[in-house]
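Heads up: the structure comes next, in structure tokens.
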Amino acid sequence: MGVVDGIIVDVVNRTSFPGTVTYKDGVITDIKKAEVNQLLSYRFSQKLTYILPPFIDSHLHLDMTMLSPCEYARLALSQGVAGAIVDCHDISSVLGKKGILALIENSKKSPFYFGFSAPANIFPGVYEEKDIEELLKLDEVTHLGEIKDFPSVILHEDIPQRLFELAVKLNKKIDGHAP
């Protein structure tokens, strides 16, 4: 069991306070605001560091980093990033579904949180509509990826509409794309 004193940043309530975080086996077990008499103690008279939740990268093109998920996680964790929402459209254009599945498998070897997209762009012979459906059924796939062909969305063409309906049916988010 460990204890860390510091200025605790409560991002939900948009405040901060001196306090103590207790943890065991890497999991926070308690957070306590310091009492007035504790603030006068030696423990709290030292320079306190800020304790805040980790960051989550909300849109990452992991394949463009040229790093495996585990290697990206190692570097990101050292900078206070504990998770990433990954858009995989580049790897889907080259390796299709098997490329995305390889990223997912590698990510399972890391404590880092990864949420993967099922890219919405179809590449005939490499990555098809059926691949998107199969990926959206996986727990690791959190959303339908951005559609770069925005005119097809605006014109309500068949493929994007089917993909949107499928994502809604499977209770998955749909990532937008602003040209």
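Table: residues versus (1) under 30 Å from residue 140 (Cβ atoms); (2) not in a strand (DSSP E or B).
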position	(1), (2)
7	no, no
21	yes, no
30	no, no
37	no, yes
58	yes, no
67	yes, yes
75	yes, yes
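For region 106-123, the count of residues that are among the aromatic types (Phe, Trp, Tyr), out of contact with any strand residue (DSSP E or B) (no Cβ under 9 Å at 6 or more places or on another chain) and open to solvent by less than 10 Å² (accessible area, probe 1.4 Å) is zero.
Report yes if some residue within region 49-69 is over 29 Å from residue 176 (Cβ atoms), touching a residue at least 12 places away in the same chain (Cβ under 8 Å) and loosely packed, with under 12 Cβ neighbours inside 10 Å; otherwise report no.
yes
In region 3-25, the qualifying residues are those that are open to solvent by 70 Å² or more (accessible area, probe 1.4 Å) and either under 18 Å from residue 38 (Cβ atoms) or without any contact (Cβ under 8 Å) to a residue 12 or more places away in the chain (or both), and the one that is farthest from the chain's Cα centre (by Cα) is 3. Within region 26-38, the set of residues being without any contact (Cβ under 8 Å) to a residue 24 or more places away in the chain and open to solvent by 100 Å² or more (accessible area, probe 1.4 Å) comprises 28, 32, 35, 36, 37. Only a single criterion out of (1) surrounded by 17 or more Cβ atoms within 10 Å (Cβ to Cβ); (2) within 19 Å of residue 164 (Cβ to Cβ) is not satisfied by residue 129, namely (1).
When the criteria are applied in full, residue 147 fails the requirement of being crowded, with 18+ Cβ neighbours inside 10 Å, assigned to a strand (DSSP E or B), touching a His at 6+ places or on another chain (Cβ under 7 Å) and hydrophobic (A, V, I, L, M, F, W, C). Determine if region 134-142 includes at least one residue that is at pLDDT below 95 and either in contact with an Asp or Glu (Cβ under 9 Å, 6 or more places away or on another chain) or open to solvent by 60 Å² or more (accessible area, probe 1.4 Å) (or both). No: region 134-142 contains no residue that is at pLDDT below 95 and either in contact with an Asp or Glu (Cβ under 9 Å, 6 or more places away or on another chain) or open to solvent by 60 Å² or more (accessible area, probe 1.4 Å) (or both).
The values are calculated or read from the model by the stated rules, or taken from the named source; none is laboratory data. Just so you know, these numbers come straight off a predicted model, no measurement behind them. Note that each Cβ is placed from the backbone with ideal geometry, even for glycine, and that neighbours are counted across all protein chains shown. Note: areas computed on protein heavy atoms with side chains; ligands, DNA, RNA excluded. Shrake-Rupley method; radii C 1.70, N 1.55, O 1.52, S 1.80 Å.
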